[in-house]
Amino acid sequence: MLIRYWPDRTKIPFMSLRVAGALFSMVLIAASAFLLGTRGLNFGVDFAGGTVMELAKTDTVTVPAVRAAMPINAEVNSARGTDGREIVVVKFGEAPPDLLGEDFKSLSEDQKAERASGATNELIVETLSKEFNLSVENGDFLRNDSVGPKVSQELFTDGITALVVALAMMLVYIWFRFQWQFSVGAIAALAHDVIITLGMFALLKIEFNLTSIAALLTIIGYSMNDTVVVFDRIREDRRKYKKMPDREVIDLSLNVTLSRTLLTSGTTLISLFAIYFLGGPVLQGMSFALIFGIFIGTYSSIFIASALVLSLGMDFTKKTVEEVQGFTGV
């Protein structure tokens, strides 16, 4: 096993590097806030509304040909599908009312807002079908997903709400499981992970959609799991070595759990890299977020969560809920 090659006892002075780690994190957070404010997120159809179509790439169905045939402004790019073949991806919003026919013009404003996305979709399907002799029945349109502006706004609101609720529930959990100092450290680390991951999305203009929200929630869970393992070891070592300074106790705990952290992260990353390179464009955004989140989550457990616990201090003079109930460890 690989763990045999890991030293029995490492002595890395993590807390001596906490100031450098804090400065590094502040730079990353500031850069992420700047990118989110200036470049913004590249919202996918789930959040921005509109339509995504995928066509099998052929001698006639090419990116330049499809772009020239589109009656409205659209983003047309090539990609590789989950089955490995080349595809043409078309993204577009709602067409001007003048292009949607007289029947559409006669509708009320509320009806227009409700049916504009569907009418635009029908227009594009009809145009491409005539231009390239395509057929929905024959499966020439590999993907055809439309989301209206009202639904996309609801999805975005629900996604952000899910993130906030997850953070709040984590705060309550750590508070009852440990102490308020640990709760502050854990939530600061989770917020740190989410903000910097969003900044990376803004920097690289990776599509941000519902799968990205799922990835962020997974990052929160993964980071919290790693943080709880570290916190539990800190609590155990603090009670075991009562006269040892807090700084040395935390360094000892981090070094003891380091092999577990690296092995768990390493095996998870192997799977995620396979998904990123072999899973196709649909899963790349989610897998990238998870890969980056594991790196930043492992870092934050050490230099954000643990460092804040050291700064706030640890007080074990009062019994925790677990001790009152007779539970002594995990």
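Some observations on this one:
- Count of residues meeting criterion [open to solvent by less than 50 Å² (accessible area, probe 1.4 Å) and within 18 Å of the chain's Cα centre (by Cα)] in the stretch 44-55: 4
Here is a yes/no grid of residues against (1) assigned to a loop (DSSP other than H, G, I, E, B); (2) in contact (Cβ under 8 Å) with a residue 40 or more places away in the chain:
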| site | (1), (2) |
| --- | --- |
| Val66 | no, yes |
| Ile87 | no, yes |
| Gln111 | no, no |
| Ala116 | no, no |
| Leu134 | yes, yes |
| Arg143 | no, yes |
| Ser146 | no, yes |
| Phe156 | no, yes |
| Thr161 | no, no |
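- Applying the criterion of being hydroxyl-bearing (Ser, Thr, Tyr) and at pLDDT below 80 to the residues of the stretch 134-167, the residue that is nearest to Ala69 (Cα to Cα) is Ser146.
- Hits in the stretch 180-211 (condition: open to solvent by less than 30 Å² (accessible area, probe 1.4 Å), of a type outside the set (Val, Ile, Thr) and over 13 Å from Leu163 (Cβ atoms)): Gln181, Phe182, Ser183, Gly185, Ala186, Ala189, His192, Gly199, Phe201, Ala202, Asn209
- Some residue of the stretch 183-193 being within 26 Å of Lys11 (Cβ to Cβ), in contact with a helix residue (DSSP H, G or I) (Cβ under 7 Å, 6 or more places away or on another chain) and of a type in the set (D, E, K, R): no
- Residue list for the stretch 266-312, filter: at pLDDT below 80 and open to solvent by less than 40 Å² (accessible area, probe 1.4 Å): Gly279, Gly280, Gly285
- For first residues located in the stretch 236-264 and over 25 Å from Ile294 (Cα atoms) and outside the structural domain of Asp226 (by the TED database), partners that are open to solvent by less than 30 Å² (accessible area, probe 1.4 Å) and of a type in the set (S, T, N, Q) and lie 6+ apart or on another chain with Cβ distances below 9 Å do not occur.
- Filter result (part of a helix (DSSP H, G or I) and open to solvent by less than 50 Å² (accessible area, probe 1.4 Å)) within the stretch 30-43: Ala31, Ser32, Leu35
- Residue match in the stretch 12-29 (condition: assigned to a loop (DSSP other than H, G, I, E, B), farther than 30 Å from Leu155 by Cβ and modelled with pLDDT of 80 or more): yes
- Filtering the stretch 210-226 to residues that are polar (S, T, N, Q) and touching a Gly at 6+ places or on another chain (Cβ under 8 Å) leaves Thr211, Ser212, Thr218, Ser223.
- Residues considered: Glu131, Glu102, Glu94, Glu75. Of these, the only one that is surrounded by 15 or more Cβ atoms within 10 Å (Cβ to Cβ) and at pLDDT below 85 is Glu94.
The values are calculated or read from the model by the stated rules, or taken from the named source; none is laboratory data. What you are looking at is a predicted structure, and each value in this text was computed from that prediction instead of being measured. Please note: Cβ atoms are built from the backbone with ideal geometry, for glycine as well, and neighbour counts cover all protein chains shown. Surface accessibility is based on the protein's heavy atoms, side chains included, excluding ligands, DNA and RNA. Shrake-Rupley method; radii C 1.70, N 1.55, O 1.52, S 1.80 Å.
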